[in-house]
Every structure is written in structure tokens, then in C-alpha cells.
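Take a look at the structure set out below.
The values are calculated or read from the model by the stated rules, or taken from the named source; none is laboratory data. Computed from a predicted model, the values in this text were never measured in an experiment. Glycine gets a Cβ as well: all are built from the backbone with ideal geometry, and neighbour counts include every protein chain shown.
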């Protein structure tokens with residue numbers, strides 16, 4: 001590993017740490033600057049493009065986040081995480097069918113080092129199916145995910161029935177004050 005690789009790794013860690021602080025606009029701007037510096041050093045680094053995608057998504061720029069995810073995929077077409085982020089952004093944009101195809105591609109590329117991603121893939125797929133009104137398929141996806149990730153509170157929450165709908169407040173007609 002050379003000095004530029006070390007700098008890229010360090011800059012990406014800085015950006016990830018800043019992303020972890022929440023939705024603070026200043027922290028996100030600093031994270032964007034750090035990842036942009038990393039990309040200036042190694043424009044072909046798919047990790048940097050994925051962090052760029054995450055920063056842009058956190059900033060609410062889903063179109064640019066999708067472009068960054070696609071840049072990562074162009075550089076690493078078999079990277080499950082890149083397919084996952086593309087799917088997540090497509091879901092955010094309401095392009096559920098394309099998002100489902102991207103999730104399925106991510107599943108085909110999940111390797112031993114990507115086991116941490118499995119829970120999120122099932123969840124993302126189930127939520128997109130649910131958004132499309134395919135409740136039975138969404139439920140089956142949550143169940144399949146729980147078979148692979150039995151301790152997942154996230155997937156278990158998807159199987160819980162929704163809270164009872166709130167009843168609208170009863171309006172009372174007030175009579176009085178009129179003479």
C-alpha cells in the first residue's frame with residue numbers, strides 16, 4: 001500500500017465518522033469534502049464512491065447519490081454493497097422494480113465478507129415489495145431473512161402487525177354564544 005492509499009483510507013474514515021454524527025449539515029459538508037479529496041487521489045476507488053453515495057443521500061440529493069452508486073458499480077460490478085446502495089437509492093426515489101432487481105443482483109454477489117449486509121438486503125427487498133402492495137411477498141421475504149438472520153430485530157419488526165390506526169378526533173358542534 002502506498003501513501004495515497006493510506007490517505008484515501010484515512011479520508012474515508014473521516015467521512016464515515018462524520019456521517020455517523022447524524023444529519024448535521026456542517027458535518028455532512030465536511031464529510032463530502034473528505035470523500036471528494038479521497039476521490040481526487042483515487043478516482044477509481046469504489047469504496048470512495050460508496051461513501052460519496054452515502055453522504056449525498058444523507059444530504060438529500062438522491063439523484064447524485066444514485067450516480068455515485070453507479071460509479072462504484074462501474075468500478076466494481078460484483079460488489080454486493082454497491083448493488084445494495086443502488087437499490088436503496090432507487091427505493092428512495094420510488095423506483096421499486098429497478099430497486100428490486102438491484103437487490104437481487106446484490107444477493108448474487110454476497111460473499112463471506114458481506115454477511116453483515118444480508119439483513120439489510122432482506123429488509124430493503126421486503127420494504128420495496130410492501131411499497132408495491134405485494135404484502136405476501138414482503139412477508140415471505142421477512143421470514144426468509146429471519147431464517148438467515150434469526151436474531152434480527154429489524155426483520156422481526158417487519159412481521160409485526162401495524163399499530164392500530166388512529167381514530168380521527170370527534171368534532172363537537174358547539175352551540176352557544178349565539179343569541
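The table below gives the values:
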{"item": "Residues satisfying the stated conditions in region 84-101, i.e. crowded, with 16+ Cβ neighbours inside 10 Å and in contact (Cβ under 8 Å) with a residue 12 or more places away in the chain", "result": "84, 85, 86, 87, 88, 89, 90, 91, 96, 99, 100"}
{"item": "Residue check, residue 105 over 11 Å from the mean Cα position of the chain (by Cα) and outside the structural domain of residue 148 (by TED's automatic domain parsing)", "result": "no"}
{"item": "Residue satisfying condition, being over 16 Å from residue 125 (Cβ atoms) and at pLDDT 95 or above, within set 80, 87, 63", "result": "63"}
{"item": "Restricting region 34-45 to residues that are assigned to a helix (DSSP H, G or I) and surrounded by fewer than 18 Cβ atoms within 10 Å (Cβ to Cβ), the residue that is nearest to the chain's Cα centre (by Cα)", "result": "36"}
{"item": "Residues satisfying the stated conditions in region 118-145, i.e. crowded, with 20+ Cβ neighbours inside 10 Å and under 18 Å from residue 86 (Cβ atoms)", "result": "120, 121, 122, 123, 124, 125, 126, 128, 129"}
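Let's see how each residue does on (1) in contact (Cβ under 8 Å) with a residue 40 or more places away in the chain; (2) in a loop (DSSP other than H, G, I, E, B); (3) surrounded by 16 or more Cβ atoms within 10 Å (Cβ to Cβ):
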{"position": "6", "(1), (2), (3)": "no, no, no"}
{"position": "22", "(1), (2), (3)": "no, yes, no"}
{"position": "32", "(1), (2), (3)": "no, no, yes"}
{"position": "47", "(1), (2), (3)": "no, no, yes"}
{"position": "50", "(1), (2), (3)": "no, no, yes"}
{"position": "74", "(1), (2), (3)": "no, no, no"}
{"position": "78", "(1), (2), (3)": "no, yes, no"}
{"position": "103", "(1), (2), (3)": "no, no, yes"}
{"position": "116", "(1), (2), (3)": "no, no, no"}
